[in-house]
1. For the stretch 69-75, what does the Karplus curve 6.51 cos²θ - 1.76 cosθ + 1.60, with θ = phi - 60°, yield as ³J(HN,Hα) per residue in whole Hz, taken in order and with x for Gly and Pro?
2. Full-extension gain between T106 and E84, please, as 0.36 nm times their residue separation minus the C-alpha to C-alpha distance.
3. Set the Förster distance to 35 Å, then compute FRET efficiency between L55 and I32 from the Cβ-Cβ distance, nearest 0.05.
4. Rank these by accessible area, largest first, 1.4 Å probe: E79, E87.
5. Carbon and sulfur: what percent of the stretch 12-53's accessible surface (1.4 Å probe)?
6. Using the heavy atoms of the protein chains and a 1.4 angstrom probe, tell me the accessible area per residue for the stretch 55-106 in square angstrom.
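The values are calculated or read from the model by the stated rules, or taken from the named source; none is laboratory data. In this text the structure is predicted, and so the values were computed from the model without any measurement. With ideal geometry, Cβ positions are generated from the backbone for all residues, glycine too; neighbour counts draw on all protein chains shown. Please note that ligands, DNA and RNA were not included when accessible areas were found on the heavy atoms of the full protein model with its side chains. Shrake-Rupley method; radii C 1.70, N 1.55, O 1.52, S 1.80 Å.
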Amino acid sequence: MLDFFIAPAYAQDAPAGGGIAQIVMLVGFVAIFYFLLWRPQAKRAKQHKQLIAGLAKGDEIVIGGGMLGRITKVSDDSEFLTMEIAEGTQVNVQKNAVAAVLPKGTIKSI
């Protein structure tokens, strides 16, 4: 009588090759995630960090909001810089807000 209840459990076999296929797919997803998301984002962050480290007085910059100006003061110990947006008008800006350094003379040509 006991064999009658146990017999169906023996009939169920584990799927063949399912574990390796799942591992390969997981590794594939991680590789895709790394090459399409992680790596480009880290590269952009590194370039932005180098851009901020290279800021100097007299550089013409554009900040994230699209405002153009010339750097008049950069302090190494602070995360802020002073930017002249018009003659006699200066604003303090976070260094992280700088989007790009423009070629010299760009502001005069606009």
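1. Karplus-based 3J(HN,Hα) across the stretch 69-75 equals x, 10, 6, 10, 8, 10, 10 Hz.
2. Numbers: separation 22, 0.36 × 22 = 7.92 nm, distance 1.40 nm.
Full-extension gain reported as 6.5 nm.
3. Numbers: r = 36 Å, r/R0 = 1.02.
Once the sixth-power term is evaluated, E becomes 0.45.
4. Values: E79 105, E87 180 Å².
Largest to smallest exposure gives the sequence E87, E79.
5. On the way: 2770 of 3990 Å².
Accessible surface attributable to carbon and sulfur in the stretch 12-53 totals 69 percent.
6. Values: 3060 Å² over 52 residues.
It amounts to 59 Å² per residue over the stretch 55-106.
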